[in-house]
Amino acid sequence: MGVWAIGDRPAIYVVDDSVMNLQILGEVLGMQGYEVRTFPNPRDALERAAEDPPDLFILDVVLPGMDGFELCRRLKQREILREIPVMFVSSLDDPHHISRAFLEGGVDYVAKPFRPEEIAARAMTHVRIHRAQRELLEQNRELEGILQRKDQEVLRAQMATIEALSELAESRDENTGGHIIRTSHYCGLLGRGLMKLGLYRDQVEQEFIDLLKKAAPLHDIGKVGIPDSILLKRAPLTPEEYETMKNHTIMGEQALLKVLKKYPGHPLLQMGIQIARSHHEKWDGTGYPDGLKGEEIPLAARIMAVADVYDALRCYRPYKTPLSHRESMLIIQEGSGDHFDPLVVEAFMAMEGIFETTSSKLVFPEEMEVPGP
């Protein structure tokens with residue numbers, strides 16, 4: 001009587017050029033409840049296994065056309081068969097062949113002549129281990145999926161709070177309405193311009209651009225901590241007030257770092273931190289808070305710098321009237337190599353027609369035709 005239930009019969013492929021061995025192993029394993037398929041030709045076994053994988057392979061070493069070691073190697077090269085255990089049964093019982101069997105990926109080696117009950121016992125062990133490993137792997141994948149979904153739910157709630165704080169920082173100043181929306185789209189346009197021109201191709205891909213648009217609204221989150229007397233002042237800031245205002249970069253970074261501790265390695269938060277701290281750095285090293293220079297400044301922050309300044313130039317402030325697109329474009333060009341990354345300015349110029357349309361109409365369609373360089 002078999003040890004396996006009828007509806008749960010493991011399949012074993014036996015590959016041996018001896019008809020007698022195939023018959024013996026087929027009978028012994030069949031009595032234990034296995035579904036046994038025998039193959040005198042290793043190529044037939046390899047072809048059938050790719051279509052219908054078993055729970056265990058039992059291979060002879062000496063086979064026609066392809067020895068058992070080569071067959072095992074080919075089985076392990078196929079992803080669908082890689083984890084299925086291979087047991088060798090062979091009359092070659094010298095240490096060299098035994099060692100090679102394990103090096104090729106085998107899990108067991110039984111020398112001929114064998115005792116049928118030993119083969120059956122070892123087969124049962126390997127099948128049970130394989131099934132347990134497979135079940136554990138499936139459970140782990142299911143658990144990872146559950147945890148990922150839960151993490152995403154919590155993170156979405158956390159990011160909604162962060163974005164609300166960004167909007168709160170902006171809403172305190174009635175003159176900057178829509179700034180975070182516009183700069184987000186400007187960053188996306190600059191990213192697309194860089195990609196179209198083939199600039200920073202090791203960093204700028206569609207995934208980078210999508211992440212950049214989501215992270216851009218976090219750039220001024222630190223302004224939540226700036227006093228109204230400074231943030232809303234309608235006259236020029238004093239040197240002391242300006243130093244306080246500059247701290248919004250560090251406060252923004254610190255706020256996002258607290259969230260990152262709960263979600264280490266999260267790319268949106270990592271980029272948000274780079275932008276929040278470094279979007280006021282300048283290409284020539286005269287910016288703040290760290291005086292970074294050139295490519296020391298994270299690329300996302302260098303892109304944000306152009307988007308931020310362009311929007312400030314185009315919008316009304318109590319101390320200035322809005323500039324035209326052309327006037328703003330010339331200022332951006334003049335800042336190339338000093339304030340701004342020259343390659344980001346090049347991308348801006350490639351997209352400047354869409355910048356003009358976007359800033360003039362204050363609408364931001366999801367998809368815009370990218371003009372040629």
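The values are calculated or read from the model by the stated rules, or taken from the named source; none is laboratory data. Since this is a predicted model, take the numbers as computed values, not measurements. Methodologically, a virtual Cβ is constructed for each residue, glycine included, from the backbone with ideal geometry; neighbour enumeration extends over all protein chains shown. In case anyone asks, the SASA skips ligands and DNA or RNA and just uses the protein heavy atoms, side chains included. Shrake-Rupley method; radii C 1.70, N 1.55, O 1.52, S 1.80 Å.
Worth pointing out:
- Of all residues in the stretch 212-257 being open to solvent by 40 Å² or more (accessible area, probe 1.4 Å) and under 15 Å from residue 300 (Cβ atoms), the one that is modelled with the lowest pLDDT: 214
- Residue, nearest to residue 29 (Cα to Cα), within the stretch 81-102, restricted to residues that are outside any loop (DSSP other than H, G, I, E, B) and among the hydroxyl-bearing types (Ser, Thr, Tyr): 90
- Odd one out for residue 325, checked against (1) modelled with pLDDT under 95; (2) more than 19 Å from residue 356 (Cβ to Cβ): (2)
- Across the stretch 297-347, the number of residues qualifying as open to solvent by 40 Å² or more (accessible area, probe 1.4 Å) and assigned to a helix (DSSP H, G or I) comes to 10.
- Number of residues in the stretch 49-66 that are free of Cβ contacts under 8 Å to residues at least 24 places away in the same chain and outside any helix (DSSP H, G or I): the value is 0.
- Tabulated pairs, the stretch 179-190, first in contact (Cβ under 8 Å) with a residue 24 or more places away in the chain and farther than 16 Å from residue 348 by Cβ, second open to solvent by 10 Å² or more (accessible area, probe 1.4 Å) and assigned to a helix (DSSP H, G or I), C-beta under 8 angstrom, 6+ apart or interchain: 179/170; 180/167; 180/170; 180/217; 181/217
- In the set (1) without any contact (Cβ under 8 Å) to a residue 24 or more places away in the chain; (2) open to solvent by less than 30 Å² (accessible area, probe 1.4 Å), the condition left unmet by residue 11 is number (1).
- Of the residues screened, residue 280 is one that is in contact with a Phe, Trp or Tyr (Cβ under 6 Å, 6 or more places away or on another chain) and assigned by the TED database to the domain that holds residue 233.
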